[in-house]
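The values are calculated or read from the model by the stated rules, or taken from the named source; none is laboratory data. Everything numeric here is computed off the predicted structure, so don't read it as measured data. Glycine gets a Cβ as well: all are built from the backbone with ideal geometry, and neighbour counts include every protein chain shown. In case anyone asks, the SASA skips ligands and DNA or RNA and just uses the protein heavy atoms, side chains included. Shrake-Rupley method; radii C 1.70, N 1.55, O 1.52, S 1.80 Å.
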Amino acid sequence: MTCTETEILLHALLDGELDAGHAREVEAHVENCPHCAAQMRAYRELQQAMAAGQLRLTAPASLRQRIEKAFPVAPQRASSRRSVLRGFVMGTALSTAMAASLFVAVFRTDQDQRVLGDIVSAHVRSLQADHLTDVQTSDQHTVKPWFNGKLDIAPPVVDLTAKGFTLLGGRLEYIDGQAVASIVYRRRKHVINLFVTQGAPIENHTAKLQTMQGYNIRRWTAQGLEFFAISDINGEELQEFVEKFDAALNPPKGA
Amino acid sequence: MAGNGSDPHQDKARRFRDAALPCLDDVYTLARYLLRDTADAEDAVQECYLRALRHFDTFRGPAIKPWLFAILRNVCRGEFARKSSGLNYIDQYVGGETDKDEDAVRPLWQEPQVSPETETLHQRDAQTIRRLVAELPEQFREAIVLREINDLPYRDIADVIGVPVGTVMSRLARARSMLRKAWIAEEGTST
């Protein structure tokens with residue numbers, strides 16, 4: 001790799017956008033080239049200073065109000081007759097659920113960061129220690145029963161080999177002090193760890209992309225379980241994985 | 001207004017609100033960096049949300065943030081491009097009128113009123129960085145803001161700007177190189 005190539009690619013490396021092969025090439029070049037090494041240090045420093053600078057701004061409350069007013073929905077979810085009725089039907093179940101979700105919302109941020117940190121560590125460990133899978137098979141009907149008795153959930157295991165994500169196997173992990181299932185997939189040379197945990201929030205929410213230590217993480221809930229997909233593939237491919245997984249989990253009606 | 005929850009318009013508005021409102025700070029941040037003016041940024045963000053609600057039916061996912069950014073970018077480039085005199089200023093500035101006087105540069109980034117007592121060194125640093133970012137030419141500024149401040153992956157930046165990923169990468173490289181030079185020049189003048 002030449003200096004000219006490296007000067008551009010080192011930015012992709014700093015941004016966590018390079019695949020493992022190119023990352024190694026850039027790193028190898030930087031190790032032997034004082035010029036590029038200096039560039040790398042300089043831009044890393046710039047990146048850190050920008051991150052520390054808290055350059056993200058907060059929208060003024062007046063703007064938020066202006067926008068909310070412009071919607072035909074009252075901001076406090078004015079309860080319609082229908083939803084009041086539903087409230088009666090659901091009765092205590094609903095209020096308990098709402099109280100629980102409030103509780104969850106309040107305590108979420110701290111715990112979220114810890115959980116995400118654990119997820120990243122578990123992913124990195126699985127790549128380093130050559131301990132990717134406890135049960136190694138591409139057969140979903142072998143992986144799923146393997147978790148029996150090891151967890152108090154039955155994680156859904158779907159084979160997405162035909163869709164471009166090869167099922168490698170399963171593994172037991174500990175996230176935030178809790179035993180969770182990890183289902184391992186491969187996309188080209190990239191490993192995707194899919195962590196499945198219990199205690200998901202009540203509502204189903206769609207996948208949200210987060211980046212931590214250069215890894216992309218998509219987190220969503222379905223069927224009362226919480227899913228975290230983590231990998232070094234780009235955010236879009238990870239989303240594709242999420243969609244394929246979800247589609248396999250909920251086949252269209254009539255299929 | 002207050003009425004039946006099954007009204008499709010209200011339903012759409014509610015879905016839009018739940019999806020788009022959490023991105024407000026991000027959209028506002030991008031608007032501030034693109035337009036470099038508080039009042040214009042607020043107007044542009046409001047216009048962006050109204051447009052996004054109107055076109056919410058055409059939103060195909062997966063992520064709403066890049067979609068909102070693309071709309072905001074159109075709003076900024078259309079209506080507000082005329083008003084924003086910043087670009088002319090940049091051209092003059094880059095074109096050799098190298099007056100590095102603080103006051104000459106300041107109008108590019110209008111900081112909302114901050115009382116001097118609460119202004120710590122850290123905040124002053126942030127203000128300096130913001131100004132340096134604001135001084136970058138538009139195409140480099142938007143690339144670096146989308147990457148470093150809004151934390152978008154290259155793929156999404158490429159979608160928002162409408163250029164290939166390779167272009168995103170080279171613009172970022174260029175933006176960082178310019179920013180670093182300006183940063184060093186700044187340290188030279190301020191100390």
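Observations on the model:
- Within the stretch A:209-243, the set of residues being within 12 Å of another protein chain (Cβ to nearest Cβ), open to solvent by 10 Å² or more (accessible area, probe 1.4 Å) and more than 23 Å from residue B:148 (Cα to Cα) comprises A:240, A:243.
- The set of residues in the stretch B:26-48 that are at the interface with chain A (Cβ under 8 Å from one of its Cβ atoms) and under 14 Å from residue B:152 (Cβ atoms) comprises B:26, B:27, B:29.
- Scan of the stretch A:157-177 for residues that are out of contact with any Ser or Thr (no Cβ under 8 Å at 6 or more places or on another chain), surrounded by fewer than 19 Cβ atoms within 10 Å (Cβ to Cβ) and under 25 Å from residue A:115 (Cα atoms), ordered by number: A:174, A:176, A:177
- Of the helices (runs of 4 or more DSSP H) that lie entirely inside the stretch B:5-105, those containing 1 or more residues that are in contact with a Cys (Cβ under 7 Å, 6 or more places away or on another chain) and either modelled with pLDDT of 85 or more or not acidic (Asp, Glu) (or both) span B:24-35, B:38-54, B:64-83.
- Assessment of the stretch A:97-108 against the conditions (modelled with pLDDT of 85 or more, out of contact with any Ser or Thr (no Cβ under 8 Å at 6 or more places or on another chain) and either surrounded by 13 or more Cβ atoms within 10 Å (Cβ to Cβ) or within 30 Å of residue B:183 (Cα to Cα) (or both)) yields no matching residue.
- The one condition in (1) at pLDDT 90 or above; (2) exposed (fewer than 13 other Cβ atoms within 10 Å of the Cβ); (3) part of a loop (DSSP other than H, G, I, E, B) that residue A:77 fails to fulfil: (1)
- Screening A:23, A:49 for residues that are under 29 Å from the mean Cα position of the chain (by Cα) and open to solvent by less than 20 Å² (accessible area, probe 1.4 Å) leaves exactly one candidate, A:23.
- Filter pass, residue A:16 being outside any helix (DSSP H, G or I), more than 30 Å from residue B:16 (Cα to Cα) and not hydroxyl-bearing (Ser, Thr, Tyr): yes
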